[in-house]
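**Q** First, the structure itself, so that you have it in front of you.
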Amino acid sequence: MSRSRIEQEKRVVAQMIALYCRHKEGNGTLCPHCKALLEYAHARLSHCRYGEGKPTCKQCPVHCYSPRMREQIRTVMRYAGPRMLLYHPWSALKHLLIENRKLRIEKDNLE
């Protein structure tokens, strides 16, 4: 059985934060700062107004993160995003395909 879109997003963000914390900060487990960011991200995803039709965060028209947390997650994603292809290739490819599909649909709607 496949996971819901929100559950997939939660899994990807958890992988990205863990990758950042482990490789960039050199921690063996999530530090309190990264754990707080993960909890915040999961809470935001749980209350996403788009539900299962949710676009990727990069494409989302609504900024549901506070400015401080948005900057923190951007930092994590800038670092972990390219590395996801090495450490979590299936998650990264699935995420890119979903993002690409949403962009293509939006482009077709504009024409």
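**Q** What range in the chain is the longest one free of trypsin sites (Lys or Arg not before Pro) that are in a loop by DSSP and have at most 14 other Cβ atoms within 10 angstrom?
**A** Working: sites that count: ARG3, ARG49.
By the stated rule (loop sites, at most 14 other Cβ atoms within 10 Å), 50-111.
**Q** Lys and Arg at +1, Asp and Glu at -1: add these up for the other residues within a Cβ distance under 12 Å of TYR79 and post the number. Walk me through the numbers on the way to the answer.
**A** Details: positive: ARG22, LYS24, ARG74, ARG78, ARG83; negative: GLU25.
Here the count lands on +4.
**Q** Springs between alpha-carbon atoms under 10 Å, Gaussian network over the chain: tell me which of LEU86, LEU45, LEU19 tops the mean-square fluctuations.
**A** It is LEU86.
**Q** Give the order of GLU9, GLU99, GLU52 when sorted by the count of other beta carbons within 10 angstrom, beginning with the fewest. Don't skip to the end; give the middle numbers.
**A** Values: GLU9 21, GLU99 15, GLU52 9.
Fewest-to-most ranking of GLU9, GLU99, GLU52: GLU52, GLU99, GLU9.
**Q** If you line up the long axis of helix 5-19 against the longest principal axis of the chain, both from Cα atoms, how many degrees apart are they, to the nearest 10?
**A** Once rounded, one gets 30 degrees.
**Q** Can you list, largest first and rounded to whole Å, the semi-axes you get for the chain by taking the square root of 5 times each eigenvalue of its Cα gyration tensor?
**A** 24, 16, 13
**Q** Right, another one. For PRO89, what is the net charge nearby, where nearby means another residue's Cβ is under 15 Å from its Cβ and Lys, Arg count +1, Asp, Glu -1?
**A** Working: positive: ARG11, ARG83, LYS94; negative: none.
Net of charged neighbours comes to +3.
**Q** How far, in degrees from 0 to 90, does helix 67-87 lean away from the longest principal axis of the Cα atoms of the chain, to the nearest 10?
**A** Roughly 90 degrees between the two axes.
**Q** Next up: For the chain, what relative contact order do you get, as a whole percent, if you take Cα pairs closer than 8 Å and at least 6 residues apart? Don't skip to the end; give the middle numbers.
**A** On the way: 66 pairs, mean separation 36.5, N = 111.
The normalised contact order for the chain reaches 33 percent.
Every read-out reported here was derived from the displayed coordinates using simple, explicitly stated rules and does not represent laboratory data. Predicted, not measured: the structure shown is a model, and the values here were computed from it. Cβ coordinates were reconstructed from backbone atoms using ideal geometry, including for glycine residues, and neighbour counts include every protein chain displayed.
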